[in-house]
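The values are calculated or read from the model by the stated rules, or taken from the named source; none is laboratory data. Because the structure is predicted, anything quoted here is derived from the model rather than measured. Glycine also receives a Cβ, built like all others from the backbone with ideal geometry; neighbour counts cover every protein chain displayed.
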Amino acid sequence: MDGPRRRTRTGDPDTQQSAAAARSAEPFAAVDPAAFPDRETRRAIDGGAASARFRELLDAGGPVMADGAMGTMLFQNGLQFGDPPEVWNLTQPEIIRRIQRGYLDAGSQIIMTNTFGGNRLRLALHGLSARVDELNRTAAILARAEVRAAGDHALVAGDIGPSGEIVAPLGTLDYDIAVDVFREQAASLVAGGVDLIWIETMSDLNEIKAAIEGVRLAAPGIALITTMTFDTRGHTMMGVTPEQAVEALVAWGADAVGGNCGNGPDELLPVIARMRAADPDAVLVAKSNAGMPELVDMRAVYKADSDTMADFAIRFRDAGATIVGACCGSTPDHLRAMSAALRPARGG
Ligand SMILES: [Zn+2]
């Protein structure tokens, strides 16, 4: 399609290499240690208490099972397309808890709060921007209650998704405002008692940087997982490569780094392999959709079955992922099969 342009770009390997180097150095050329404390600094802040449970989980030897889709399960339970799912933390808490219980029973060791769109910019689209604290705090309390009820074997991850706007300079959202939007959401999740924060489905390094900075303002020592969505020929929609992502996110102090959502496990697998090759030490995360989304009646439908996802769980582990879960289209059935494949000793 863009043959001539591609030929120009790939025609001169030196130019291409130096351009790639410049691009990859740019996002974290000046990491401010006050905004992005390294692991040792973070542990010194609070004696490591804020990330102790996450470190314990990793030290148990892995692989660690994350959870599956929340949105898919909410739609199955009657959420209407376009409605803000976070409101169900208040109006349908028993459904949220039942979904989380499904993943806990399937073997998930990290479950996420129902707060993907729980920042004030996205909630403003529904006239709910003043209820960030209530919705996020309640979500954290619900998840914690369900983990306790299930025997207290899992960790609660406070879920932070994209702001819904594009951060400058690519877009119009001021970086400092983005930081504050994410700080506000993270503070409420932490106040509600989450064990860690999971920033997910990001496409732009500048936005995920703002999110990390916001999280660190709210909770300097908390464990932090960050995943981006590589849905455009191995890159994110904004052109971020797996190598750039792992390098930047580790430099900004993420405890685990990887990919979520996207076009199914066969596209995420090489992303994980490239991250492993770029950084032999990073804790890697694979949370793929249950297959390539197909449009049926104006809805995205995902068709990978449990056996396929279980097979990919093994392949993700072998490619270097320590934390494995699933994203859109997945259900507790997928997670149960993945868990049984990865952790046969634990049984079903
Ligand atoms: Zn997804």
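Before we move on, is S330 away from the ligand (no atom under 16 Å from the Cβ), among the polar types (S, T, N, Q) and at pLDDT 95 or above?
no
If you go through the range 196-228, how many residues are under 17 Å from N114 (Cβ atoms), away from the ligand (no atom under 16 Å from the Cβ) and surrounded by fewer than 24 Cβ atoms within 10 Å (Cβ to Cβ)?
0
Looking at A178, A157, A145, can you tell me which residue is in contact with a Phe, Trp or Tyr (Cβ under 8 Å, 6 or more places away or on another chain), on the phi < 0 side of the Ramachandran plot and either part of a helix (DSSP H, G or I) or surrounded by 14 or more Cβ atoms within 10 Å (Cβ to Cβ) (or both)?
A157
Can you pull out the residues in the range 273-290 that are within 16 Å of the ligand (Cβ to nearest atom) and among the aliphatic types (A, V, I, L, M)?
Listed by number, the residues that qualify are V285, A286, A290.
Filter the range 266-290 down to the residues that are surrounded by fewer than 24 Cβ atoms within 10 Å (Cβ to Cβ) and not aliphatic (A, V, I, L, M) and list them by number.
Within the range 266-290, D266, E267, P270, R274, R276, D279, P280, D281 meet the criteria.
Can you pull out every residue in the range 300-316 that is surrounded by fewer than 24 Cβ atoms within 10 Å (Cβ to Cβ) and within 14 Å of the ligand (Cβ to nearest atom)?
Passing the criteria: A300, V301, Y302, A304.
Which number in (1) assigned to a helix (DSSP H, G or I); (2) under 19 Å from the mean Cα position of the chain (by Cα); (3) buried (at least 23 other Cβ atoms within 10 Å of the Cβ) marks the one condition that R183 misses?
(3)
Kindly indicate which of V250, V296, V246, V271 is in contact (Cβ under 8 Å) with a residue 40 or more places away in the chain and β-branched (V, I, T).
Of V250, V296, V246, V271, the one residue that is in contact (Cβ under 8 Å) with a residue 40 or more places away in the chain and β-branched (V, I, T) is V271.
Quick one: in the range 229-270, which of the residues that are among the aliphatic types (A, V, I, L, M) and within 15 Å of the ligand (Cβ to nearest atom) is nearest to V179 (Cα to Cα)?
Checked the range 229-270; the qualifying residue nearest to V179 (Cα to Cα) is M237.
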